[in-house]
Amino acid sequence: MKRRLNFILNKNEVETSQHPGMSLLDYLRQEANLTGTKEGCKEGDCGTCTVLIGELIKDKLQYKSVNSCLLPIGDVNQKHIVTIEGLNREELTPIQTEMVDEGGTQCGFCTPGFVVSLSGYYLINDDYNTEDAIDSMNGNICRCTGYAGIKRTANKITQRLKILAKNNHSKIELLVGEKILPEYFLDVKEKLNSLILQKKSNITDDNLDFSNHFTISGGTDLMVQKWEDILKSDVSLISDKNVISGIKEENSKIIIGGATTASEIEDSPIMAKYFPEIKEYLSLFGSLPIKNTATVAGNIVNASPIADMTSIFLALNSTLTLRNSNSSREILLKDFYKGYKTLDKKENELLTLISFNIPKENSFFNYEKVSKRKYLDIASVNSSLFIDVDEDFINEVNISAGGVAPIPLYLKETGKFLSSKKISSAIIEEASEILQDEISPISDARGTAEYKRLLLRQLFYAHFIKLFPKLIVIEELV
Amino acid sequence: MKNYDSIEHVRGESLFVDDQLTPIGTLLGYVACSPIAHGRIKNIDMTKALNIKGVKAILTAKDIPGENQIGGIIKDEELLADKEVHFVGQPIAFVVADNQIIAHEAAELIEYDFEKLPVITDPRKAAEAGELIQPPRTFKLGNTDEAFAKCDFVFEGKVESGGQEHLYLETQGAFAYPVEGGGVKIFSSTQGPTAVQRVTARILGIPMHKVEVDVLRIGGGFGGKEDQASPWAALAALGAKILNKPVKLILPRQQDMKITGKRHPYSSDFKIGLNKEGEILAYEAVFYQNAGAAADLSTAVLERTLFHCTNSYFIPNVKATAYCCRTNLPPNTAFRGFGGPQGMFVIESAIAKAAEEMGMSTVEIQKKNLLDEGDEFPYGQRIEHCRIRRCFTELEKKYNLYDIKKRVDDFNSSNKMYKKGFAVMPVTFGISFTSTFMNQASALVHIYTDGSISISTAAVEMGQGVNEKIRAVAQKVFSVNSERIKIETTNTTRVANTSPTAASKAADLNGYATQKACEILLGRLKKVAAKELNIEQHNNISIQQEIIFNKDEKTDLTFDKLIQIAYFDRISLSAQAHHATPHIHFDKTKEKGQPFAYHAYGVGIVEATVDCIRGTYKIDSVKVIHDFGKSLHPVIDKGQAEGGIIQGIGWMTMEEVLYNEEGQLLTNALSTYKIPDIHFSPDDIQVHFLEDAPNPYGPFNSKAIGEPPLMYGIAAYFAIRNAMKKFKAECDIEFKAPMTPERVLLSLYQKTTVLKPAN
């Protein structure tokens, strides 16, 4: 699939016929000679390559931060790309000034990424607080400053802007007025509109037969593992296909489109209604730029044994809808994995929907994850638990465990044992022994097998300690 | 004063090696590495690799025109392995191609035939096998045997500290092109331009004057680019020389992690003797340093471990022995602290053990044994201008140690799952290169006819703000607007025979050299001014904020005018000056001397909360009193402290370098090797500058700052450990860093848990 891509790069409209699987980072540095965006790791773990992508959604210009090293340029068609160069004004912006004055930069290699993330925070959000402003940089790694000067910067700017944000200005007007953004941002929406009108015809590609090429859904893992192979192959971008994104409630089910991003799940009012702690769970999943790109379908199909979204959907006993050009079928997620990275999925099938029953009144959910670093890290072990109770008795329980088997594991026997039992420390301890027979962890960089066994037991305990504090006596479990 | 480099950084306009414009036709390189940790190379088959379109050359040891040798202190390391390989990732061939993807593809297609040899990764096993890079060294003070006999308490233990990946955000790299006369010009991301020049000249078999090395700035170094930037520059230069084309080599992150050395892991034994009052009477330590497969800087790192084996304490009887152990890992190298942190972790462990066993508080023992003015270190130097006790007292007062303790105790008595702990860490760190000859630097200062000033020194800007400090020195001497002053790239043709930017010494050495050169120029300018103003005493002339003064009286002469007059008067507006640190010496045959110009002091306190169900933890706060001398730039100095602290905490907590028994690095990417992120770094970091503390041995009374704060991070290990003890007093916690969540959980539940693998 060769085609022309049109987009706005900072203030200029550009066209390229580069391979759509080329990373945006390589395009920026090698083709556009914009070297403020750096390559630090090429796996989305450092944030030196952070850029903003603006997109017209329902006639609203919406921005998000992404790791340009993992974003295929095919995905920026008809969008606005903002690099550090595109944030510069003649004088330093207030964010840049504070970064200098507060010691927020030392060697300078990570700095453009931080400035882009923080500037993006004010552009993306409607009201501001320091905690969220700092969190917007959760995908940016700095080895020099210890982050103290960067946090002081975020605090100062937020204090200044949060009062102003309450006025009725349009956000872009406000930020241009405050010199956070250059003036050209005022015209971007119009420019994008005319770009879309002109080039309308070049994006539709409804071919669902994907054999012999890479299908990229987000690409936050595929672009890490296979970026050199991708450049030699045809690629299809899920973003171009008619794969649904979004979350809806329908007939006592929640249905999630395969192209839905982790950020969309995090921000979904429907998810928040049934899972009040969803934001906290998602905060452990990855950095903001990764969550802005990674999709539910990609996470499930990638079949990583420690996939975080998969962990949650397993415990919710979700059903997957797989579709090819002619037909579609349904399969339970817990039956989807056949072995390490092998799936009950034909090459020409796409995962289009994930659905699960809306939790009932007496049901509870919890998600646990431990990694070497709490945020922006891959789990040593993760686990989700969905439980339906009748007072102190268990009606039904579904438990998932990641990092302890070649596949994201559904703990069938443990769940079976617990069903209809009365919750107590003793029962939980007994169940934790059954659990040990269901798992087969290996030693690797994320922990020894011995540790993973112990950790899963502890996380299993943690589910119950957290959900049923009155029924569990901690002293009996330690 | 604004930090000029920072202004470029925040706009993304500062350039690094890979950002510099390269000529059309520049070729890209990729290093083909040994897949095994130890073996003889029987055959290398490059047929398939050479068939790839776009491959221009694959260079091996045979293609090196000069000497295939990159060793610095000891000549024991080849640029490209010839007959044997000694670690996974050792460069064997250098592929040069049209682009990096092609070069990488070709490198993967090179086929090797090895005869495998036994692999050693453990330093104690290496020592047993006699694999030592140099004979063991011992520092001694008093007589430990006699002293132990008189102690009320004697404790022994084993301590291990892990490696640490530098994780400079800019990976290693260089760009080289051929110049006429058979030379090369190299742009390198190095802390040691002269090391790059020397190694490249040796590899190419040409004199050093034919190799020009230029360093604009580097995207972090932390020691990792002191010696280990040289091979990549030498390879790029080799390619450029042989192909007569510009060649660039940037290591991809995972390769950088795999093939470059790290902070040295240590395994150590201690024996500590105290009296009932908690006074330390005797201390013995044996250090087994995991040097990796070649010497690199290991012997110097090991020496600093010995220098700092008693940290901030006076112990009258000390015996410390250190083994530099050769293993089949990538050669380990300099890393901020340079062996000091490893030595300090052992003595702090010994004190913690003594405190636990004696039922005393660690802080009490620490305080009781702090150094006082005139106390002797095991290496013979007596401490002068000692401020460690002052820092300790300030810390207790400013941060109210008693309140912290009470708050922690209250929390612990009302929480079951979560426990808090805190720990105090005093740091006394010697400032100077311990190899005396390296304590020299020079500066070249030009004043142009428009009054703009250009300064070249040996210092490499790597984020530590050395350029800004040098600018501050020049600004103070000339008393002109700092906008006039530009700090140039570090270039071996402008400033020769440079010591690397390391040992926290760059601002001291190059600052002094700059001060001297500027003073030479100022002296000339004063004479010109005196002549112009018809004043006999040129000593009465001064410049105050751009204006020429005579005996504190303003004249009509400005700096601009004065420069013009000087030029037309044919007065040289350029000066070069050299500085060598006075009064330092060290005799390795006796292991005694005065190696340090002075010491840096400070005390830190770290608080942590441990989730005792999940084994995770949070660092709550870091509070520090540090002696900065009279700071040349408080924003920069504070940043150095904050950054160093977090790097030290990282080393002690989550940063885990894991090799398997075959010497393969398991933590070879940012997805598996974790450093502190914005959330792990505590919101409450307080760094207080010790007041009224001028340093007579630093430029304008300033003090070195690069390395010392890293060691406050050691308190994080003990804070977590202390919290764990509050959950289970009886749990046996090894003195083993990093204290990963895995170590926490396994230590807390080791005795209660029998988890069998499923049948």
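As a ratio to 2.2 N^0.38 Å, the alpha-carbon radius of gyration for the stretch A:242-476 is 0.98. Counting only Cα atoms, the stretch B:583-663 measures 55, 43, 20 Å along its principal axes, largest extent leading. One chain, two ends: residue B:74 and residue B:564. Fully extended at 0.36 nm per residue, the span grows by 171.3 nm beyond their Cα-Cα distance.
All C-alpha to C-alpha distances of the stretch B:440-580, sorted into 5 Å bins beginning at zero, yield P(r) values of 2, 11, 21, 22, 17, 12, 8, 5, 2, 0 percent in whole numbers.
On association of chains B and A, roughly 6700 Å² of accessible area becomes buried (total for both chains; probe 1.4 Å). Once the gyration tensor of the Cα atoms in the stretch B:328-391 is diagonalised, the equivalent ellipsoid follows with semi-axes of 26, 21, 10 Å, ordered largest first. In order along the stretch B:365-373, the phi-based Karplus estimate (6.51 cos²θ - 1.76 cosθ + 1.60, θ = phi - 60°) of 3J(HN,Hα) comes to 5, 4, 5, 4, 10, 4, 5, 10, 3 Hz; Gly and Pro are listed as x. All other residues whose Cβ lies under 14 angstrom from that of residue B:276 are scored, Lys and Arg at +1 and Asp and Glu at -1, for a net of -3. Taking the stretch A:288-327 and a reference point 7 angstrom along Cα→Cβ of residue A:363, the backbone N atoms nearer than 14 Å belong to A:312-319.
Near the amide H of residue B:219, within less than 5 Å, lie the amide hydrogens of B:170, all on another chain or at least 5 residues away, with H placed in the peptide plane. For the residues of A:110-120, the average number of beta carbons from a partner chain within 10 Å of their own beta carbon is 3. Taking 0.36 nm per residue of separation and subtracting the current Cα-Cα distance, fully stretching the chain between residue A:62 and residue A:430 would add 127.4 nm. Just to be sure I follow the definition: excluding the sites themselves, where is the longest run in chain B that has none of the trypsin sites (Lys or Arg not before Pro) in a DSSP loop with at most 11 other Cβ atoms within 10 Å? No qualifying site falls inside B:277-550, the longest such stretch.
Projecting label points 7 angstrom from Cα along Cα→Cβ for residue B:269 and residue B:373 puts them 4.1 nm apart.
Over chain B, the Kirkwood radius and the radius of gyration, each from Cα atoms, give a ratio Rg/Rh of 0.99. For trypsin sites (Lys or Arg not before Pro), the sites in the stretch A:316-349 that DSSP calls loop and that have at most 16 other Cβ atoms within 10 Å are A:341, A:346. Summing Lys and Arg as +1 and Asp and Glu as -1 over all other residues whose Cβ lies under 11 Å from the Cβ of residue A:137 gives a net charge of -2.
Taking a point 7 Å out from the Cα of residue A:166 in the direction of its Cβ, none of the residues of the stretch A:93-122 has a backbone N less than 11 Å from it. For the protein assembly as shown, with all protein chains present and a 1.4 Å probe, just round the carbon and sulfur fraction of the accessible area to a whole percent. It is 48 percent, rounded to a whole number.
Helix screen, chain B: DSSP H segments with Cα axial length of 24 Å or more and mean Kyte-Doolittle hydropathy at least -0.5 are B:340-358, B:506-532, B:634-652. On the basis of the beta-carbon distance and an R0 of 56 Å, residue A:132 and residue B:115 show a calculated FRET efficiency of 0.40.
Eigen-decomposition of the gyration tensor built on the alpha-carbon atoms of the stretch B:276-373 gives equivalent ellipsoid semi-axes of 29, 13, 11 angstrom, largest listed first. Based on DSSP H segments of at least four residues, each scored -39500 (n - 2.57), the protein assembly as shown has a per-residue ellipticity at 222 nm of -9000 deg cm²/dmol. Of the GluC sites (Glu not before Pro) found in the stretch B:533-626, those that fall in a DSSP loop while having at most 11 other beta-carbon atoms within 10 Å are B:536.
Relative to the 2.2 N^0.38 Å rule of thumb, the stretch B:411-474 has a C-alpha radius of gyration ratio of 2.17. Over all directions, what mean area does the Cα convex hull of the stretch B:441-522 project, stated in square nanometres? Averaging across all directions leaves 4.9 nm² for the Cα convex hull. When Rg and Dmax are taken over the Cα atoms of the protein assembly as shown, they come to 31.1, 106 Å. Here the calculated FRET efficiency for residue B:243 and residue A:13, from their Cβ-Cβ distance with R0 = 60 Å, stands at 0.90, rounded to the nearest 0.05.
Backbone amide hydrogens, once placed in the peptide plane, bring residue B:90 within less than 5 Å of B:34, excluding anything fewer than 5 places away on its chain. Considering the stretch B:616-707 at the alpha-carbon level, its Rg and Dmax are found to be 17.2, 54 Å. Volume per residue of the convex hull around the Cα atoms, evaluated for the stretch A:2-198, comes out as 110 Å³.
Summing Lys, Arg as +1 and Asp, Glu as -1, what charge do residues with Cβ under 12 Å from the Cβ of residue B:200 carry, residue B:200 excluded? That sum, taken over residues with Cβ under 12 Å, equals +3.
Using the 1.4 Å probe convention, the accessible area of chain A works out to 38 Å² per residue with neighbouring protein chains retained. FRET efficiency for the residue B:413 to residue A:420 pair, using the beta carbon distance and R₀ = 51 Å, is estimated at 0.85.
For the residues of B:611-621, the average number of beta carbons from a partner chain within 10 Å of their own beta carbon is 4. Largest first and in whole Å, the equivalent-ellipsoid semi-axes of chain A read 40, 27, 21, each the square root of five times a Cα gyration tensor eigenvalue.
The values are calculated or read from the model by the stated rules, or taken from the named source; none is laboratory data. As the structure is a computational prediction, the values presented were derived from the model and not from experiment. Please note: Cβ atoms are built from the backbone with ideal geometry, for glycine as well, and neighbour counts cover all protein chains shown. With ligands, DNA and RNA removed, areas are computed over all heavy atoms of the protein, side chains included. Shrake-Rupley method; radii C 1.70, N 1.55, O 1.52, S 1.80 Å.
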